[in-house]
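Visitor: Sharing a structure here in structure tokens format.
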Amino acid sequence: KIAQVAARRVWDSRGRPTVEVEVTNEDGTHGIGIAPAGASRGTREAVELRDGGARFGGLDVQQALAAVSREIAPLLAGRDVRDQAGIDAALVALDGTPNKSRLGGNTLIATSMAVLHAAAACARMPLWRYLAGADEAVLPVPQIQVFGGGAHAGRRVDVQDFMVIANGATSFQQALEMTAEVYRCAGELMRERGSLAGVADEGGWWPAFTRNEEALDALVESIERAKLVPGRDVSIALDIASSEFGHGGRYKLALEDVELDSDALCEKLVRWVEKYPIVSIEDPLAEDDEDGLVKFTRAVGGRVQVVGDDYLVTNASRVSHAAAVGACNCVLVKPNQAGTITETRAALDAARAAGYRAIVSARSGETEDVTIVHLATGWNAGQLKVGSFARSERMAKWNEGVRLEARDGLRFGGWQW
Ligand code: PGA
Ligand code: ZN
């Protein structure tokens, strides 16, 4: 039974305030959840509760902390910590809004994750095992950023994430080894060309490229420089995050100083798929361009993963709708987009029911919280996206995967297509 629920303000990887919730059981076991924060958010995500005003750029979370002590703690006191579904439903009802704006998606996801950790602690189980139940827990394939762009790098390039997937790896550790070499070689290559301008929000190299294709060429060269074979050992994954530069079917590519319509962007991306060893493309068209997403999925969905992030916002009914119209074939699963663990799981279940793949994902604003690694593994989601191979809010997640493989002996699922 839950004895106590406490909230405090901690700080995320951008140095901004965020909500940490700690749930303590009557037996003294406890669990902690910390809310992450996105920068390129979908319009239908659970809304964050921020104080506004001048302090910390308006991003303080005192109202969220007050909501936990005044409303959430009394609601949860005495409840069975293992009743995640019942607790999450009570949280959603207490909030009472369709987008969780009254109590905040940040407040709710931190609470929901803390309850989950407390339940696993109470059962004396590692979280992945608690989540897996009778099913096998399987380590996910990492999707790791090499160059950051878009909203995470001052819009220096239009595309947000240039990532790699070690599709030839047969263990989690090997996937990280391959990626470490590609990341290192990419940094070297950019330093030589004078196109390295630091690191972006998720730890990827901050590139000073003049065309989006220059990043793709540099990525292929980096894989080769790492003595790996593009397409066989390591392939490319992109997050276009096109809702950031496209609205109403018009897409403004700042780097190339052109405005494309939906069909033209679609054709450009199809050409990339044909020319480069790309295996996954996220948000190729904007969240409001369903026709474009359907067209793109029809064109390349048989060959590559088409991932919905801003368009699907970890929402089970949106996933089912997408499947009905034929948009995307893979769901990005971000717990704070949904707002509770139960709704996050529902989105994953909807993906499975539709025959869609799933990628559990971090946000650009992160902390040492490693819950998502356990979700991806315990639920056998298949893939995990955490950002780059630098900065410890990212490495904490990759290193947790290393532990689950080396210490707990979990099997690596490997890339399937
Ligand atoms: P965000 O971006 O966390 O800044 O919203 C991540 C993504 O688009 O996948
Ligand atoms: Zn995305």
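The values are calculated or read from the model by the stated rules, or taken from the named source; none is laboratory data. Not measured: the values here are computed from a predicted model. With ideal geometry, Cβ positions are generated from the backbone for all residues, glycine too; neighbour counts draw on all protein chains shown. These accessible areas exclude ligands, DNA and RNA; they are computed on the full protein's heavy atoms, side chains included. Shrake-Rupley method; radii C 1.70, N 1.55, O 1.52, S 1.80 Å.
Visitor: Being within 16 Å of ligand 1 (Cβ to nearest atom) and either open to solvent by 20 Å² or more (accessible area, probe 1.4 Å) or not aromatic (Phe, Trp, Tyr) (or both): is that true of residue 168 here? Show your work before the answer.
Guide: Working: within 16 Å of ligand 1 (Cβ to nearest atom): no; either open to solvent by 20 Å² or more (accessible area, probe 1.4 Å) or not aromatic (Phe, Trp, Tyr) (or both): yes.
No.
Visitor: Additional query: Can you report the number of residues in the range 172-198 which are open to solvent by less than 40 Å² (accessible area, probe 1.4 Å) and in contact with a Lys or Arg (Cβ under 9 Å, 6 or more places away or on another chain)? Don't jump to the end; show me each part of the working.
Guide: Filtering the range 172-198 for residues open to solvent by less than 40 Å² (accessible area, probe 1.4 Å) gives 172, 175-176, 178-180, 182-183, 185-187, 189-190, 195, 198.
With in contact with a Lys or Arg (Cβ under 9 Å, 6 or more places away or on another chain) added as a condition, the list becomes 182, 185-186, 189.
Count: 4.
Visitor: Consider residue 403 carefully, then state whether it is at pLDDT 95 or above and open to solvent by 20 Å² or more (accessible area, probe 1.4 Å).
Guide: Values: at pLDDT 95 or above: yes; open to solvent by 20 Å² or more (accessible area, probe 1.4 Å): yes.
Yes; evaluated as a whole, the condition is true for this residue.
Visitor: May I ask you to list the residues in the range 296-336 that are closer than 28 Å to residue 33 by Cβ and more than 16 Å from ligand 2 (Cβ to nearest atom)?
Guide: Across the range 296-336, the qualifying residues are 316, 317, 320.
Visitor: Go through the range 335-373 and report how many residues are closer than 18 Å to residue 13 by Cβ, part of a helix (DSSP H, G or I) and away from ligand 1 (no atom under 16 Å from the Cβ).
Guide: 1
Visitor: Collect the residues in the range 134-191 that are assigned to a helix (DSSP H, G or I) and of a type in the set (Gly, Ala, Ser), keeping them in residue-number order.
Guide: 150, 151, 175, 180, 186, 187
Visitor: With the structure loaded, tell me whether residue 283 is of a type in the set (Asp, Glu) and surrounded by 24 or more Cβ atoms within 10 Å (Cβ to Cβ) or whether it fails that test.
Guide: Working: of a type in the set (Asp, Glu): yes; surrounded by 24 or more Cβ atoms within 10 Å (Cβ to Cβ): yes.
Here the answer is yes, as residue 283 does meet what is asked.
Visitor: Go through (1) within 16 Å of ligand 2 (Cβ to nearest atom); (2) closer than 16 Å to residue 250 by Cβ for residue 261 and report which single condition fails.
Guide: All conditions are met except number (1).
Visitor: Residue under question is residue 5, and the condition is that it be of a type in the set (Val, Ile, Thr) and over 22 Å from residue 334 (Cβ atoms); does it hold?
Guide: Numbers: of a type in the set (Val, Ile, Thr): yes; over 22 Å from residue 334 (Cβ atoms): yes.
Against the criterion (of a type in the set (Val, Ile, Thr) and over 22 Å from residue 334 (Cβ atoms)), residue 5 qualifies.
Visitor: As an exercise: evaluate residue 104 against (1) on the phi > 0 side of the Ramachandran plot; (2) without any contact (Cβ under 8 Å) to a residue 40 or more places away in the chain; (3) open to solvent by less than 30 Å² (accessible area, probe 1.4 Å) and give the number of the one condition it does not meet.
Guide: (2) is the only condition that residue 104 fails.
Visitor: Among the residues of the range 368-385, count how many are over 18 Å from residue 131 (Cβ atoms) and within 13 Å of the chain's Cα centre (by Cα).
Guide: Let us first name the residues in the range 368-385 that are over 18 Å from residue 131 (Cβ atoms), namely 368, 385.
Add one more test, that the residue is within 13 Å of the chain's Cα centre (by Cα), and what stays is 385.
Residues that pass the stated criteria total 1.
Visitor: Also: Specify the residue that is nearest to ligand 2 (Cβ to nearest atom); the eligible residues are those in the range 138-165 that are out of contact with any strand residue (DSSP E or B) (no Cβ under 6 Å at 6 or more places or on another chain) and open to solvent by 10 Å² or more (accessible area, probe 1.4 Å).
Guide: Selected residue: 151.
Visitor: Follow-up question, since we're still on this one. Test residue 201 against the criterion of being within 15 Å of ligand 1 (Cβ to nearest atom) and open to solvent by 30 Å² or more (accessible area, probe 1.4 Å), and give yes or no.
Guide: On the way: within 15 Å of ligand 1 (Cβ to nearest atom): yes; open to solvent by 30 Å² or more (accessible area, probe 1.4 Å): yes.
The answer is yes for residue 201.
Visitor: Right, residue 241: within 23 Å of residue 365 (Cα to Cα), under 26 Å from the mean Cα position of the chain (by Cα) and open to solvent by 40 Å² or more (accessible area, probe 1.4 Å) or not? Give the steps one after another, and end with the answer.
Guide: On the way: within 23 Å of residue 365 (Cα to Cα): yes; under 26 Å from the mean Cα position of the chain (by Cα): yes; open to solvent by 40 Å² or more (accessible area, probe 1.4 Å): no.
Judged against the criteria, residue 241 is not a match.
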